[in-house]
1. Checking the conditions here, which among Glu85, Glu70, Glu53 is surrounded by 14 or more Cβ atoms within 10 Å (Cβ to Cβ) and farther than 29 Å from Ala151 by Cβ?
2. Out of Ala52, Ala75, I need the residue that is without any contact (Cβ under 8 Å) to a residue 12 or more places away in the chain and closer than 16 Å to Phe92 by Cβ. Which one?
3. Does Arg107 satisfy the condition of being among the basic types (Lys, Arg) and either at positive phi or under 20 Å from the mean Cα position of the chain (by Cα) (or both)?
4. Within the stretch 1-15, take every residue that is under 19 Å from Pro30 (Cβ atoms) and in a loop (DSSP other than H, G, I, E, B) and give me the one that is modelled with the lowest pLDDT.
5. Any residue at all in the stretch 62-70 that's in contact with an Asp or Glu (Cβ under 8 Å, 6 or more places away or on another chain) and of a type in the set (Asp, Glu)?
6. Against the definition (assigned to a helix (DSSP H, G or I), free of Cβ contacts under 8 Å to residues at least 24 places away in the same chain and over 28 Å from Ile17 (Cβ atoms)), how does Lys81 come out, yes or no?
7. Could you please find all residues in the stretch 34-66 being within 16 Å of His10 (Cα to Cα) and outside any strand (DSSP E or B)?
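The values are calculated or read from the model by the stated rules, or taken from the named source; none is laboratory data. Keep in mind that this is a model prediction, so the values were computed, not measured. With ideal geometry, Cβ positions are generated from the backbone for all residues, glycine too; neighbour counts draw on all protein chains shown.
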Amino acid sequence: MLLRESSQAHIYITHDIEDAYLKFVDRFKPFRVISFIEEEKFKLEHAKAVIAEAYISESQSKYIIFGSKEFTKEAQNSLLKILEEPPRNIVFIIITPTKANLLPTIRSRLPIIHGEVRHEENIVNISLSRVDYGEVFTFLKENARISKNDAKVLVEGIYKRATEIDKLILTTSQLDNFAKAYKLLELNSRPQSVLALVLMGFIHGD
């Protein structure tokens with residue numbers, strides 16, 4: 001269900017991007033809704049199209065909805081200014097499966113609303129309170145060929161597992177590892193190495 005606050009600019013977190021978009025279209029009638037939904041990756045060229053549409057003047061609210069499973073860094077950086085200072089009557093909504101897809105500078109400009117997220121895919125099935133080298137090795141082997149985007153979801157899943165299920169109080173070192181992980185993935189570091197960095201912190205974290 002879309003929240004009441006969804007009539008304002010925000011980031012909407014859901015795995016069902018197309019379904020969420022259709023619900024927004026129905027919700028915002030009779031206002032204009034313009035979509036830029038990319039199935040796999042939202043690139044700089046798509047961001048430029050969003051910006052061009054935003055500068056077409058409107059006498060009443062126009063909703064510009066854009067979403068994807070992944071956003072390039074270049075696309076996000078190009079959107080920073082217009083998200084911070086949108087043209088009159090323009091409301092932006094970003095749809096993505098996980099906030100880890102977005103740069104901190106994007107997340108700081110818009111509130112985040114969580115929709116229908118498939119939590120079973122986001123929380124990893126490994127106990128971080130007593131994880132050992134064998135479990136870490138097996139986990140890394142199972143995820144040896146994942147994409148950068150999937151690695152971001154797994155990093156978020158590890159964090160949720162630690163804090164929401166295992167109820168761990170993370171050390172400064174562990175928190176730093178999570179921060180480093182997101183940065184390394186943005187720099188296109190090998191996803192398996194990034195996951196190893198995060199998980200090994202729980203072997204040595206007590």
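1. Numbers: Glu85 fails: surrounded by 14 or more Cβ atoms within 10 Å (Cβ to Cβ); Glu70 fails: farther than 29 Å from Ala151 by Cβ.
Of the residues listed, the single one that is surrounded by 14 or more Cβ atoms within 10 Å (Cβ to Cβ) and farther than 29 Å from Ala151 by Cβ is Glu53.
2. Values: Ala75 fails: without any contact (Cβ under 8 Å) to a residue 12 or more places away in the chain.
Of Ala52, Ala75, the one residue that is without any contact (Cβ under 8 Å) to a residue 12 or more places away in the chain and closer than 16 Å to Phe92 by Cβ is Ala52.
3. Working: among the basic types (Lys, Arg): yes; either at positive phi or under 20 Å from the mean Cα position of the chain (by Cα) (or both): yes.
So Arg107 fits the description; yes.
4. Of the stretch 1-15, the ones under 19 Å from Pro30 (Cβ atoms) are 2, 4, 6-8.
Add one more test, that the residue is in a loop (DSSP other than H, G, I, E, B), and what stays is 2, 8.
Working: Leu2: 45, Gln8: 83.
Here the residue is Leu2.
5. The answer is yes; a qualifying residue exists.
6. Details: assigned to a helix (DSSP H, G or I): yes; free of Cβ contacts under 8 Å to residues at least 24 places away in the same chain: yes; over 28 Å from Ile17 (Cβ atoms): no.
No.
7. Within the stretch 34-66, Val50, Ala54, Ser61 meet the criteria.
Residues are listed down the side, and each one gets a yes or a no for (1) more than 22 Å from Glu164 (Cα to Cα); (2) outside the structural domain of Lys167 (by TED's automatic domain parsing); (3) at pLDDT 95 or above:
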{"position": "Arg32", "(1), (2), (3)": "yes, yes, no"}
{"position": "Lys43", "(1), (2), (3)": "yes, yes, yes"}
{"position": "Ala54", "(1), (2), (3)": "yes, yes, yes"}
{"position": "Glu58", "(1), (2), (3)": "yes, yes, no"}
{"position": "Glu85", "(1), (2), (3)": "yes, yes, no"}
{"position": "Ile94", "(1), (2), (3)": "yes, yes, yes"}
{"position": "Ala100", "(1), (2), (3)": "no, yes, no"}
